[in-house]
Amino acid sequence: MRPGPGERMPRETEATAEIRALVSDLRPDDADLLEALHRVQHRYGYISAEAMEVVGERLKLPPAHVYGAVTYYADFRVEPPAEVVVGWCSGPACRLRNGAGIRDAMLAVLGTELGEKSDDGRIAIELQQCNGSCERAPQIWIDGRVVGNLTAAEGVRIARRLQAGEEPAQIGEPGVVAPGGAVEGTSGG
C-alpha cells in the first residue's frame, strides 16, 4: 500500500529488514511459504504479524493466505514461546505408563493449563508428538532434550525446580544429583 499525498512511508524496522533478508532467496509463489515460515520461527521462536506481512510481500501472497498457513500447522507459534518449554509426549507408550498423570502433576505445580505459559511467562508445558524414544517412556522434553522414565513424583520435582529458576539443562541429566540425594535420569519407581 502506497502512502497518500503528504503521508510518509513507514520506516523499516530492524526486525523487518532481518526478516526480508531471511526470505530474500525464496521464490515468489506458494511453494516456498513453509520454508519462509520455518526460517522466521527458527530465528525468532514465533511468527509475528509483522513477519507474516513481510513473508506475504516477498512471496506475493495475500496476508490471509500466510495467516492461514501459520494457524493451520500446529508447529507454528504466533506468540513468543516461554523461556523454558516442556514438551509432554502424547504417544501411546507414554500414555500407557501414566504420562497424563505426570503432565497433570506438573501443570498443578505450575498453576497452568496445557499449552499455556506460567503466570510469569517463563515456563510452558506443550503437547508434543511421539519422537520414537519409547524405551524412555514416560517422558517429557525440556527445551527439546528427552527426560524419561519418569514418575509423577519426579514430574513434580522437575516442575518445582523449573519454577525455582534452576537451569533447565541441569534438570533430568543422568548422573546429576537431585535434592534429597536421588540420581536423576534413572527411574525412581
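The values are calculated or read from the model by the stated rules, or taken from the named source; none is laboratory data. Because the structure is predicted, anything quoted here is derived from the model rather than measured. Because the Cβ atoms are built from the backbone with ideal geometry, glycine has one as well, and the counts that use them run over all protein chains shown.
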Subject >> region 62-73 residues that are of a type in the set (Phe, Trp, Tyr) and modelled with pLDDT of 95 or more, paired with ones that are outside any helix (DSSP H, G or I) and surrounded by fewer than 16 Cβ atoms within 10 Å (Cβ to Cβ) (beta carbon under 6 Å, 6 or more apart) >> reply: none
**OP:** Would you mention how many residues in region 41-62 are over 23 Å from PRO81 (Cβ atoms) and touching a helix residue (DSSP H, G or I) at 6+ places or on another chain (Cβ under 9 Å)?
**Re:** 5
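So that you can scan it fast, the table gives a plain yes or no per residue for (1) part of a strand (DSSP E or B); (2) without any contact (Cβ under 8 Å) to a residue 12 or more places away in the chain; (3) out of contact with any Lys or Arg (no Cβ under 7 Å at 6 or more places or on another chain); (4) of a type in the set (Gly, Ala, Ser):
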{"position": "ILE102", "(1), (2), (3), (4)": "no, no, yes, no"}
{"position": "MET106", "(1), (2), (3), (4)": "no, no, yes, no"}
{"position": "GLY115", "(1), (2), (3), (4)": "no, no, yes, yes"}
{"position": "ASP119", "(1), (2), (3), (4)": "no, yes, yes, no"}
{"position": "VAL146", "(1), (2), (3), (4)": "yes, no, no, no"}
